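J.: Below is a structure I'd like to ask you about.
The values are calculated or read from the model by the stated rules, or taken from the named source; none is laboratory data. Quantities reported herein were computed from a predicted structural model and do not represent experimental measurements. All Cβ positions, glycine included, derive from the backbone under ideal geometry; neighbour counts span all protein chains shown.
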Amino acid sequence: MHELAILEGMIQGIQEAASLQGFTRVAGVRLEVGRLSGAEVEALRFAFDAASQDTLVEGASLEILEIPGTGSCQDCGAEVEIQARFELCPACGQGFVVVTGGTELRIKDIDVEET
Amino acid sequence: MCTTCGCGGGGSTLDGQAHSHAPAPLRPGRRRVSLEQNLLAKNDALAAVNRIRCAAQGWLALNLVSSPGSGKTTLLEATILRLKDRVPVVVIEGDQQTSQDADRIKAAGAPAVQINTGKGCHLDAHMVGHALEVLAPPPGAVVMIENVGNLVCPAAFDLGEAHKVVILSVTEGEDKPLKYPDMFAAADLMLLNKVDLLPYLRFDVERCVAHARRVNPGIEVLRVSAQTGEGLDDWLRWVEARRPAPQQA
């Protein structure tokens, strides 16, 4: 899985913010990870320490906010929560569900040390 | 499970109350910086640049994805042989190691550049941007990007292509679209390859297509055999129909 590459992108994003906003240490990172984003929360946790080593994020805490998968059924029109992309509508049991939420993969915010 | 506090997550309640995940209070000496930044923002921005370059040059970029062994390279060889006299074709080859695939493509008569991803499990927009610089395809070329054989990771990385094409060989099992839904959801076309082997296999084509459409109702499906040439004309028509119209000078 590509969680390490995702986290490398996260560190690049934080480094760019650091040069704009003038902070040098990150104490905490909050990520939003959608259930349907394709990223595995446990793998992100596992890779976080390795990816952040020798960067301004090293030693920071990681908080992951999981966002449920949601969609709307093309048959019955219900707005439903789904666990996976290919699930049939849990309301009517047969409709295709078009995904409307839960694909997020975002840095929400970070806590930085005031210098 | 909710990884903020270890609760059941996804609609769980405490004493009938939905509990909020308000951020922990900020410790003294710290400040909170709101980023709201997509984790793939860097890749997506580079993909957008690739897409603009393709549009400006009239290139049709196709991102070919599949598991290892589906016959991507053989399909590309067969495609190049049939297409190269009508349309310029160039190939970007992605593999963890070796330049064997790029060598095969060059032997088939198309310029090719090999990207070795090393530890990486997918191509990204940055690598493809550099490969385009090296290849410098002629205006109106078809740029075939053969991604690393992997049905998981390449789904998440936009390369700036016009379409993802997923190749599934009939020796793999008809439930692949359900097992790897992200890839089949991201693709516009599924090429069902090695159909010449169907008489020897228990592979239900209709079931496989139904699985793919359950994940992606709009996906197109073509049955091909790179080995015998069956169905390749349909595939070539699909490609040629998607080439951008030549720009007026």
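J.: Of everything in segment B:214-227 that's surrounded by fewer than 17 Cβ atoms within 10 Å (Cβ to Cβ) and farther than 21 Å from residue B:68 by Cβ, which residue is nearest to the other protein chains (Cβ to nearest Cβ)?
T.: Narrowing segment B:214-227 to residues surrounded by fewer than 17 Cβ atoms within 10 Å (Cβ to Cβ): B:217-218, B:220-221, B:227.
Narrowing further to those that are farther than 21 Å from residue B:68 by Cβ: B:217-218, B:220-221.
Numbers: B:217: 5, B:218: 10, B:220: 16, B:221: 16 Å.
Top of the filtered list is B:217.
J.: Exactly one of these conditions fails for residue B:148: (1) under 13 Å from the mean Cα position of the chain (by Cα); (2) away from chain A (no Cβ under 14 Å); (3) of a type in the set (A, V, I, L, M). Give me its number.
T.: (2)
J.: At least 2 residues that are out of contact with any strand residue (DSSP E or B) (no Cβ under 9 Å at 6 or more places or on another chain) and at pLDDT 95 or above in each: list the helices (runs of 4 or more DSSP H) lying fully within segment B:175-215 that qualify.
T.: B:205-215
J.: Just one of (1) in contact with a Gly (Cβ under 7 Å, 6 or more places away or on another chain); (2) of a type in the set (A, V, I, L, M); (3) at pLDDT 90 or above trips up residue B:162, so point out which.
T.: Every listed condition holds for residue B:162 apart from (1).
J.: Being under 9 Å from the mean Cα position of the chain (by Cα) and within 25 Å of residue A:7 (Cα to Cα) is the filter here; which residues of segment B:154-180 pass it?
T.: So the first thing to find is which residues in segment B:154-180 are under 9 Å from the mean Cα position of the chain (by Cα), and the list is B:154-159, B:161, B:163-166.
Answer for segment B:154-180, where residues must be under 9 Å from the mean Cα position of the chain (by Cα) and within 25 Å of residue A:7 (Cα to Cα): B:154, B:155, B:156, B:157, B:158, B:159, B:161, B:164.
J.: Count, please, the residues in segment A:43-97 that happen to be buried (at least 16 other Cβ atoms within 10 Å of the Cβ), closer than 17 Å to residue B:216 by Cβ, of a type in the set (A, V, I, L, M, F, W, C) and touching a residue at least 40 places away in the same chain (Cβ under 8 Å).
T.: 1
J.: So is residue B:155 part of a helix (DSSP H, G or I), crowded, with 22+ Cβ neighbours inside 10 Å, modelled with pLDDT under 95 and not basic (Lys, Arg) or not?
T.: So residue B:155 passes the test.
J.: Name every residue in segment A:9-58 that is small (Gly, Ala, Ser) and within 19 Å of residue A:113 (Cα to Cα), in order of residue number.
T.: Hits for segment A:9-58 are A:13, A:17, A:18, A:19, A:22, A:27, A:28, A:52.
J.: Please determine, by comparing only the residues of segment B:117-144 that are assigned to a loop (DSSP other than H, G, I, E, B) and hydrophobic (A, V, I, L, M, F, W, C), which one is surrounded by the most Cβ atoms within 10 Å (Cβ to Cβ).
T.: B:123
J.: Of the numbered conditions (1) over 19 Å from the mean Cα position of the chain (by Cα); (2) within 14 Å of another protein chain (Cβ to nearest Cβ); (3) buried (at least 22 other Cβ atoms within 10 Å of the Cβ), residue B:210 fails exactly one; give the number of that condition.
T.: Failing condition for residue B:210: (3).
J.: Hey, another quick one. Take segment B:24-44 and flag every residue that is more than 7 Å from chain A (Cβ to nearest Cβ) and either loosely packed, with under 12 Cβ neighbours inside 10 Å or among the charged types (D, E, K, R) (or both).
T.: Correct list: B:25, B:27, B:28, B:44.
J.: Quick one: which strands (runs of 3 or more DSSP E) sit completely within segment A:6-115 and have at least 2 residues that are more than 7 Å from every other protein chain (Cβ to nearest Cβ), closer than 26 Å to residue B:153 by Cα and within 12 Å of the chain's Cα centre (by Cα)? Spell out the reasoning first.
T.: Values: elements: A:26-34, A:61-67, A:69-73, A:79-82, A:97-101, A:105-113.
It comes to A:26-34, A:61-67.
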